[in-house]
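Working notes, structure below.
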Amino acid sequence: MNLIRRPRRNRQSAVIRDMVQETHLSVNDFIFPLFVMEGQNIRSEVASMPGIYRYSLDLLLDEIGQCVDLGVRAFDLFPNLPEAKKDKYATESCNPDGLYLQTIRAVKDRFPDVVVMTDVAMDPYSSDGHDGVVENGKILNDPTLEVLGKMAVAQAQAGADIVGPSDMMDGRVGYVRQMLDVHGFQDVAIMSYSAKYASAFYGPFRDALDSAPKFGDKKTYQMNPANSREALIEAELDFAEGADYLMVKPALPYLDIIKLLSDNYELPIAAYNVSGEYAMIKAAAQNGWLDGQRAMAEALMSIKRAGASVILTYFAKEMAELLNDR
Ligand code: PBG
């Protein structure tokens, strides 16, 4: 055959393949989401997320220490609260002696150099299990902003480096930015959950936090999975309102959205490889149906290739171990 172009020439050995590889994963790409709960000496596995635990603060600090040794230096914290501490206005989120703010302070105190990202949303503290203030079965937008603003300031006071509004209320990035600035936290960054879809893939996370909505669903605030142009509206608003990162969530079923935002915006693009995406690979691997490590590495690589420079993933520690072994 007289073939001028033979793409296989660039695949013929490991050295050549490595040389022409376009995308590289690094431990620097990851933010590791961690679940904290009350108590001491507790490490309770999330049934739907094998290998992922809710830690009491003492063991959470140990876990972070192990991750730091592997090169993972950014963490996103989420609290699991008993039902008795939840109410309509997520009051517990601003309790300086409450689990979450105490955890942020302890992590920053023990590991001053790690980046602590916090979650700005009502759901872990809400007796309604929603991300907003509920009245007559409706999720109210503007009253929710006030709660989110206070929450973000309380988290900044506790030492958060990046706050992550994950609620999808309109105007929340601008409101949170303004509240942070008024309180002197100009250097605290906002990673906005810009294109957050109403997804079935959050199921295991809601198990981890016992935070499933008590009625209805989140479709009046989270986006319709059928829409991509709408993601540009959300990104445009978040950019204009001062977001420092734009996030797409979930990641794998939304690689086109990651690509869309990375083609259209100069801000760093983050992607949240969510609980259900983790659970799918783990479940298949446990059944012997696929090679879990290779599937993990391929999935994370795809997210980066699509345009995400920051990946929030429950695989962060395991992938760091693999990268360190290579
Ligand atoms: C809610 C929030 C959710 C996740 C992060 N923040 C769930 C939801 O919107 O119900 C999901 C993360 C995951 O599934 O890993 N503020």
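The values are calculated or read from the model by the stated rules, or taken from the named source; none is laboratory data. Source: prediction; values computed, not measured. When we count neighbours, we look across all protein chains shown, and the Cβ atoms used for this are built from the backbone with ideal geometry, even at glycine.
Observations
- Test: residue in segment 108-117 that is assigned to a strand (DSSP E or B), within 14 Å of the ligand (Cβ to nearest atom) and within 27 Å of residue 187 (Cβ to Cβ): yes
- Pair list, Cβ < 9 Å and 6+ apart or interchain, from segment 174-190 residues that are over 15 Å from residue 150 (Cβ atoms) to residues that are surrounded by fewer than 15 Cβ atoms within 10 Å (Cβ to Cβ): 174/240
- When segment 169-189 is filtered for residues that are under 22 Å from residue 102 (Cβ atoms) and within 16 Å of the ligand (Cβ to nearest atom), only 176 remains.
- Segment 85-107, subset in contact (Cβ under 8 Å) with a residue 60 or more places away in the chain and part of a loop (DSSP other than H, G, I, E, B), residue surrounded by the fewest Cβ atoms within 10 Å (Cβ to Cβ): 96
- So residue 184, is it small (Gly, Ala, Ser) and either modelled with pLDDT under 95 or within 26 Å of residue 88 (Cβ to Cβ) (or both): no
- Of all residues in segment 139-147, at least one satisfies being crowded, with 18+ Cβ neighbours inside 10 Å, over 24 Å from residue 80 (Cβ atoms) and modelled with pLDDT of 95 or more.
- The set of residues from segment 279-301 being of a type in the set (Gly, Ala, Ser), more than 17 Å from the chain's Cα centre (by Cα) and not in a loop (DSSP other than H, G, I, E, B) comprises 283, 284, 285, 292, 295, 297.
- Scope segment 136-182; condition assigned to a loop (DSSP other than H, G, I, E, B), among the acidic types (Asp, Glu) and farther than 22 Å from residue 221 by Cα; matching residues: 161
- Pairing residues of segment 35-52 that are touching a residue at least 12 places away in the same chain (Cβ under 8 Å) and more than 17 Å from residue 100 (Cα to Cα) with residues that are of a type in the set (Asp, Glu) and part of a strand (DSSP E or B), at Cβ distances under 9 Å and at least 6 apart in sequence or on separate chains, gives 51/45; 52/45.
- Scanning segment 252-267 for residues that are among the hydrophobic types (A, V, I, L, M, F, W, C) and either buried (at least 24 other Cβ atoms within 10 Å of the Cβ) or touching a Leu at 6+ places or on another chain (Cβ under 8 Å) (or both) yields 257, 258, 260, 261, 267.
- Test result for residue 232, away from the ligand (no atom under 14 Å from the Cβ) and among the hydrophobic types (A, V, I, L, M, F, W, C): yes
- Test: residue in segment 149-158 that is at pLDDT 95 or above, surrounded by fewer than 24 Cβ atoms within 10 Å (Cβ to Cβ) and within 14 Å of the ligand (Cβ to nearest atom): no
- Test for residue 166: is it buried (at least 17 other Cβ atoms within 10 Å of the Cβ), more than 12 Å from the ligand (Cβ to nearest atom) and under 24 Å from residue 253 (Cβ atoms): no
- Boolean, residue 205 is crowded, with 24+ Cβ neighbours inside 10 Å, within 10 Å of the ligand (Cβ to nearest atom), at pLDDT 95 or above and part of a helix (DSSP H, G or I): yes
- Subset tally (residues that are surrounded by fewer than 19 Cβ atoms within 10 Å (Cβ to Cβ) and more than 16 Å from the ligand (Cβ to nearest atom)) for segment 268-291: 9
- Number of residues in segment 183-202 that are under 23 Å from residue 116 (Cβ atoms) and outside any strand (DSSP E or B) equals 7.
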